[in-house]
Amino acid sequence: QKEVEQNSGPLSVPEGAIASLNCTYSDRGSQSFFWYRQYSGKSPELIMSIYSNGDKEDGRFTAQLNKASQYVSLLIRDSQPSDSATYLCAVNNQGGKLIFGQGTELSVKP
Amino acid sequence: SQTIHQWPATLVQPVGSPLSLECTVEGTSNPNLYWYRQAAGRGLQLLFYSVGIGQISSEVPQNLSASRPQDRQFILSSKKLLLSDSGFYLCAWSVPRGWEKLFFGSGTQLSVL
């Protein structure tokens, strides 16, 4: 089992819709969770971090964490074509290292 | 504010040639520094990390090496490149206390031909 798993996509949503990106992790002792956005040919950019169970909202982005289910998600409301990118989930494992998922490609269609 | 510089942006090298990629960080002291590689269509693979000058941890056995000659300078090297070394190389830094949020440089696209 991979330490951090994401559906590779592509996930296609129409403009204005809600995009839902999911991530599961294997290390039950993980404490810190991050979402990065990566445009094609560019470096990853941190967009959200979450440390406690529940929801954390920042503008159009909401991160959701459920440690019991070892599940973290990212919701993007009112999706825009500019949101089209690959979204990387990253988790700190008990060894302290940041482990990245393979990424989910999101395509927002006008 | 903190900034990270990575160069060159693109590099085309023949098989068997040497490699040197450099990364510097400004605006912070004693950062943790990292080298990642991303193959086409794949996730990020941690290659090396450093918690201080001269302290290098290797994550993946390979023909690459890393050095940290100064507090805010991190160098990735190879004596002889392989075709499989092609990829997008990313330098990153984090605060000294651990593996919290990573901030990435702009990356180097390396093509080994």
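Table for the structure above
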item: For B:Ser111: the one exception among (1) within 14 Å of chain A (Cβ to nearest Cβ); (2) modelled with pLDDT of 95 or more; (3) open to solvent by less than 10 Å² (accessible area, probe 1.4 Å); result: (3)
item: Single match in B:Leu64, B:Leu47 (criterion: in contact with a strand residue (DSSP E or B) (Cβ under 6 Å, 6 or more places away or on another chain) and away from chain A (no Cβ under 14 Å)); result: B:Leu64
item: Scope the stretch B:67-108; condition within 14 Å of another protein chain (Cβ to nearest Cβ), of a type outside the set (A, V, I, L, M), assigned to a strand (DSSP E or B) and open to solvent by less than 10 Å² (accessible area, probe 1.4 Å); matching residues; result: B:Gly87, B:Tyr89, B:Cys91, B:Ser94, B:Thr108
item: Given (1) under 23 Å from A:Ala90 (Cα atoms); (2) in contact with an Asp or Glu (Cβ under 9 Å, 6 or more places away or on another chain), index of the condition B:Leu110 fails; result: (1)
item: Residue count for the stretch A:5-36, restricted to those that are touching a Leu at 6+ places or on another chain (Cβ under 9 Å), surrounded by 13 or more Cβ atoms within 10 Å (Cβ to Cβ) and on the phi < 0 side of the Ramachandran plot; result: 15
item: Any hit, the stretch B:34-47, residues being closer than 30 Å to A:Gln6 by Cβ, basic (Lys, Arg) and at pLDDT below 90; result: yes
item: Residues within the stretch B:4-36 that are outside any loop (DSSP other than H, G, I, E, B), closer than 15 Å to B:Asp71 by Cβ and open to solvent by 40 Å² or more (accessible area, probe 1.4 Å), tallied; result: 3
item: Single residue of the stretch A:81-108 satisfying the filter (over 25 Å from B:Glu59 (Cβ atoms) and touching a Pro at 6+ places or on another chain (Cβ under 9 Å)) that is farthest from the other protein chains (Cβ to nearest Cβ); result: A:Pro81
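The values are calculated or read from the model by the stated rules, or taken from the named source; none is laboratory data. Just so it is clear, the structure is predicted and the values come from calculations on it, not from any experiment. For neighbour counting, all protein chains shown are included, and Cβ atoms are generated from backbone atoms with ideal geometry for every residue, glycine included. Note: areas computed on protein heavy atoms with side chains; ligands, DNA, RNA excluded. Shrake-Rupley method; radii C 1.70, N 1.55, O 1.52, S 1.80 Å.
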